[in-house]
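The values are calculated or read from the model by the stated rules, or taken from the named source; none is laboratory data. Here the structure is a predicted model, which means the values were calculated and not measured. Methodologically, a virtual Cβ is constructed for each residue, glycine included, from the backbone with ideal geometry; neighbour enumeration extends over all protein chains shown.
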Amino acid sequence: MFNNAFLMAVVLAWSGPAFAAHPLITDDAGTQGKGKLQFEFNGEYARDKEDGITVKSFTFPTIPVLSYGIADTVDIVFGLPYTVVTTEEAGTETRQSGLSDASIEMKARFYEKEGLSLAVKPGISLPTGDENKGPGNGKISYSAFLITTREAAPWAFHFNLGYIRNEYKLRVDEDAKRKDIWHVSLASQLEVVKDLSAVANAGMERNSGKTANAHPAFVLGGFIYSLNENMDIDAGVKAGLNKAEADYTLLAGLTYRY
């Protein structure tokens, strides 16, 4: 038996909004600036156990998540993750791995004044994953997010409200999964000392399973350390607040800008 709900949560996490300041899930309204490029090398390990079934997943990018500033207030973001999912049940272990669906997004900041910034982030996911193995929809899907950032040094707060429209190629997915997914999350960031920030995050997303009533909810804590003005390293732990979310997820990453 394979835990499709958990795998779908993993896929949505990577085909939805790209991470703002990893390990945060919630995006911020900041952009790179015209002609500037950012690479994100992020990895995640998640573990979930329910009804005697243990599901472990490891997700990492086949190429770094790329953000490029086509204008001072507009970025193009591209991601192509690779997922390995291991399921253990009654002493039997099965493994599925492969590319997930690629994502292409555009973040456009349309308001910025006195520490308050607003942005929109529409995107599409391309069917690069194998829908027969799980980490792919088989059809082009869509998303749109409203992003709010409020900065009041040494604090910063971010709020996301999003919608994801999943289209499915397989009839079994059509019958079992919802197409319309909402997302809401809130994050905070505090500069503790020079070059070191503590981060916290909480959020919820509509469950992709048609028969599921509980929606995945999480809390997250971590840190971001700036090695220099162009490079950050980060780590975090995400915990599920209900059975619909993975028990825990370990996150780590490196960000490089130039």
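Looking only at residues in the range 174-201 that are free of Cβ contacts under 8 Å to residues at least 24 places away in the same chain and under 30 Å from Tyr142 (Cα atoms), the one that is surrounded by the fewest Cβ atoms within 10 Å (Cβ to Cβ) is Glu174. When the range 61-75 is filtered for residues that are under 16 Å from Thr255 (Cα atoms) and loosely packed, with under 15 Cβ neighbours inside 10 Å, the ones remaining, listed by number, are Thr62, Ile63.
Scanning the range 236-253 turns up no residue that is part of a strand (DSSP E or B), more than 17 Å from the chain's Cα centre (by Cα) and closer than 25 Å to Thr128 by Cβ. Is it the case that Gly35 is small (Gly, Ala, Ser) and surrounded by fewer than 17 Cβ atoms within 10 Å (Cβ to Cβ)? It is true that Gly35 is small (Gly, Ala, Ser) and surrounded by fewer than 17 Cβ atoms within 10 Å (Cβ to Cβ).
Taking the condition among the charged types (D, E, K, R), out of contact with any His (no Cβ under 8 Å at 6 or more places or on another chain) and either within 22 Å of Ala252 (Cα to Cα) or surrounded by 21 or more Cβ atoms within 10 Å (Cβ to Cβ) (or both), does Glu105 pass? Here the answer is yes, as Glu105 does meet what is asked. Within the range 215-244, restricting attention to residues that are at pLDDT below 95 and surrounded by 14 or more Cβ atoms within 10 Å (Cβ to Cβ), which residue is nearest to Asn137 (Cα to Cα)? Filtering the range 215-244 for residues that are at pLDDT below 95 and surrounded by 14 or more Cβ atoms within 10 Å (Cβ to Cβ), the one nearest to Asn137 (Cα to Cα) comes out as Ala244. Here Glu44 qualifies as touching a strand residue (DSSP E or B) at 6+ places or on another chain (Cβ under 6 Å) and at pLDDT below 95. In the range 233-247, the residues that are more than 8 Å from Pro216 (Cα to Cα) reach residues that are among the polar types (S, T, N, Q) and part of a strand (DSSP E or B) with C-beta atoms within less than 7 angstrom, at least six apart or across chains, in these pairs: Lys238/Thr249. For the range 176-188, check the following and say yes or no: at least one residue is modelled with pLDDT of 95 or more, closer than 30 Å to Gly33 by Cα and over 17 Å from the mean Cα position of the chain (by Cα). So far as the range 176-188 goes, no, none of its residues is modelled with pLDDT of 95 or more, closer than 30 Å to Gly33 by Cα and over 17 Å from the mean Cα position of the chain (by Cα).
Looking at Glu88, Glu131, Glu93 in this structure, which one is touching a residue at least 40 places away in the same chain (Cβ under 8 Å) and either over 29 Å from Leu186 (Cα atoms) or part of a strand (DSSP E or B) (or both)? Checking each option against the conditions leaves just Glu131. The residues of the range 148-177 that are basic (Lys, Arg) and in contact with a Ser or Thr (Cβ under 7 Å, 6 or more places away or on another chain), listed by number, are Arg165, Lys177. For the range 63-77, does any single residue satisfy the condition of being assigned to a strand (DSSP E or B), over 27 Å from Gly134 (Cα atoms), touching a residue at least 12 places away in the same chain (Cβ under 8 Å) and over 21 Å from the mean Cα position of the chain (by Cα)? So far as the range 63-77 goes, yes, one or more of its residues are assigned to a strand (DSSP E or B), over 27 Å from Gly134 (Cα atoms), touching a residue at least 12 places away in the same chain (Cβ under 8 Å) and over 21 Å from the mean Cα position of the chain (by Cα).
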